[in-house]
Amino acid sequence: MRFEQAVAILRAFEQEEVRYVLIGSMAMAAQGLIRATQDVDLFIDPDPGNIERLKRALHAVFQDPSIDEIDATDLSGAYPVIRYGPPEGGFVIDLVARIGSAFGFEDIESEDLSIEGVRVRVATPLMLYRMKRDTVRPQDRVDAERLRETFGLSEDD
């Protein structure tokens, strides 16, 4: 994913007042830990009004009628993740409303950072660590260890 694409998405989210938190490897990059990625992970408030704002924001960046298929009901359902692949290809946007019973939107600790003049809600290093430390995916465990070491977090945090 090109940096400019990510900034365009985040700028549109700011303009539409979408309630979201940047998570995953792009959030780590915003916190200073860079690693390659082909996706943008966003924790989204599944409120129907917020999902309508999200769709308007995505339409401002991508000329893609499939954006209209994104539905708040899906994000509030049993599988609360939608993977959107813009027509330009090469990357995906993961919209996450809940991770099992461990994390919902209101559970995500975040802070405002500025990226290219855009206010971005980013998961805190501690939150990223908590989200990654107990997963089965090897890359998440590596990320968790980097977060723990870089930010002086304890394994019990």
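What follows is calculated from the coordinates using simple rules that are stated; it is not laboratory data. These numbers come from a predicted model, not from an experiment. Positions of Cβ are backbone-derived with ideal geometry, glycine not excepted, and every protein chain shown enters the neighbour counts.
At a glance:
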quantity: C-alpha center-to-center spacing [the range 1-71, the range 96-150] in angstrom; calculated: 15 Å
quantity: Fewest-first ranking of 61, 40, 7, using other Cβ atoms within 10 Å as the exposure measure; calculated: 7, 61, 40
quantity: Residues 55, 132 arranged by fewest to most Cβ contacts within 10 Å; calculated: 55, 132
quantity: Highest-MSF residue in the chain out of 46, 87, 65 [GNM, Cα springs under 10 Å]; calculated: 65
quantity: Space enclosed by the convex hull of the alpha-carbon atoms of the range 3-147, per residue, Å³; calculated: 105 Å³
quantity: Residue exposure sequence - 129, 79, 84 - by fewest surrounding Cβ within 10 Å; calculated: 79, 84, 129
quantity: Calculated [θ] (222 nm, deg cm²/dmol) that DSSP helices of n ≥ 4 give over the chain, each run adding -39,500 (n - 2.57); calculated: -11500 deg cm²/dmol
